[in-house]
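Participant: Before we start, here is the structure in question, set down as structure tokens.
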Amino acid sequence: MLLMPNILVTGGAGYIGSHTVYQLQRQGFTVSVIDDLSKGHSASVPADALHVCSLFDHPQLVALMRSGRIDAVIHFAAFISVGESGKEPEKYFHNNTAGSMSLFAAMAEAGVRKLVFSSTAAVYGNPTQVPIPETAAIQAVNPYGESKVMVEKVLDWLDTARGVRSVRLRYFNACGANNDAGLGERHDPETHLIPLILRAVRTGRPVTLFGDDYPTPDGTCIRDYIHVDDLASAHIAAVNYLLGGGATAAFNAGTGRGYSVREVINAVERVTGKEVPHTIGPRREGDPAQLVADSSKLRQTLDWQPRHSTLEEIVESAWVFENRNFA
Ligand code: UFG
């Protein structure tokens, strides 16, 4: 029998992590998850795969990597709130940057040299060119983005010094749900646009649009919304690429198509058949007018395509999840 690779997933009980664990297991990979459950949900991962463990627990990490004969690590575990990172930068540099260093030290000790890393479009700050290619300037404008830039830089040195091959996936806007798996977005507090719009429809309490005076066709911000299952499949393509001997690289994980906040509202009204109660508020600090990926490198190098990322499918899946889990 063909031996399938063993994958360690950090933050596997979180939103994108749990969808990736689900796909990895369905494809036959042997998966071990570590999660400290500070944000993740134990119910999102099969109990026999989950190890409740901190990124800073060096002995347990090394033991897990050795006993699980880990071939590659997918590293999701991180805090993700841009706004919070501006108020509590230490928390972000500690958890996201120092936590990654702790993980990499354990990988070095256990001899694991392949890593898929969750990076972000926030590494580009306020881009001067849209769609954004991977060669655009790296110029984070908040501690969250900077915490990821620092890890990307360290990974370059680990490649040179230790032969660690890594793929950094720079996520655009993850959204949607996998209702067959019972998985979806459960952030607390929720700050993301699509679940907040759906909550407004369900409860009748208006969602606030952060600004309608941006230099975009309808004045609201444009983002590249990617279904979480498409993001998960990009991780599997990245793992296969590294296991096949692929070199260290960064890829934008987006669809290449942007939608404005108003276009998202229109899509929600089409899917739910209900009006979205909303008000217009001031701009949110740090929001670039447009973030859209040039995703041609991911498509070509990893032979990846988004299969679920039409706005309709994203909103439909998130609407089913919202009603099943929050009504
Ligand atoms: N928005 C509103 N009202 C809300 C929430 C959001 O109008 O109540 C708008 C935002 O201003 C933005 C768009 O909806 O224009 C999307 O906002 P999200 O908060 O859903 O997502 P972001 O684009 O701010 O953030 C995402 C990820 C971050 C990542 C960032 C990359 O969630 O982790 O993309 O820049 F860092």
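The values are calculated or read from the model by the stated rules, or taken from the named source; none is laboratory data. Remember, predicted model here, so these are calculated numbers, not experimental data. Methodologically, a virtual Cβ is constructed for each residue, glycine included, from the backbone with ideal geometry; neighbour enumeration extends over all protein chains shown. When the accessible area is computed, the model is the full protein with side chains, heavy atoms only, and any ligands, DNA or RNA have been set aside. Shrake-Rupley method; radii C 1.70, N 1.55, O 1.52, S 1.80 Å.
Participant: Scanning the range 306-324 for residues that are part of a loop (DSSP other than H, G, I, E, B) and open to solvent by less than 60 Å² (accessible area, probe 1.4 Å), which turns out nearest to LEU183 (Cα to Cα)?
Facilitator: Top of the filtered list is SER309.
Participant: When you go through ALA110, ALA105, ALA98, ALA63 one by one, which is the residue that is over 26 Å from LEU193 (Cα atoms), touching a His at 6+ places or on another chain (Cβ under 8 Å), without any contact (Cβ under 8 Å) to a residue 60 or more places away in the chain and open to solvent by less than 60 Å² (accessible area, probe 1.4 Å)?
Facilitator: It is ALA105.
Participant: Right, next: Restricting to the range 173-202, name every residue that is within 24 Å of GLU90 (Cα to Cα) and touching a Phe, Trp or Tyr at 6+ places or on another chain (Cβ under 8 Å).
Facilitator: Across the range 173-202, the qualifying residue is only HIS187.
Participant: Still on this model: So in the range 156-178, with the set limited to residues that are more than 18 Å from the chain's Cα centre (by Cα) and either in a loop (DSSP other than H, G, I, E, B) or touching a residue at least 40 places away in the same chain (Cβ under 8 Å) (or both), which one is surrounded by the fewest Cβ atoms within 10 Å (Cβ to Cβ)?
Facilitator: Per the criteria, the residue is GLY163.
Participant: Which members of the range 34-74 meet the condition of being small (Gly, Ala, Ser) and in a strand (DSSP E or B)?
Facilitator: Of everything in the range 34-74, just one residue is small (Gly, Ala, Ser) and in a strand (DSSP E or B), namely ALA72.
Participant: Just give me the residues in the range 66-83 being within 16 Å of the ligand (Cβ to nearest atom), modelled with pLDDT of 95 or more and open to solvent by 50 Å² or more (accessible area, probe 1.4 Å), in sequence order.
Facilitator: Scanning the range 66-83 gives a single hit, ILE80.
Participant: Given the conditions (1) touching a strand residue (DSSP E or B) at 6+ places or on another chain (Cβ under 8 Å); (2) away from the ligand (no atom under 15 Å from the Cβ), report the number of the one that ALA161 does not fulfil.
Facilitator: The failed condition is (1).
Participant: Please go through the range 267-308 and pick out each residue that is among the polar types (S, T, N, Q) and within 15 Å of the ligand (Cβ to nearest atom).
Facilitator: THR279, GLN290, SER295
Participant: Same structure, new question: What number goes with the only condition from (1) within 22 Å of THR255 (Cα to Cα); (2) touching a helix residue (DSSP H, G or I) at 6+ places or on another chain (Cβ under 7 Å); (3) touching a residue at least 60 places away in the same chain (Cβ under 8 Å); (4) not in a strand (DSSP E or B) that PRO127 does not pass?
Facilitator: (2)
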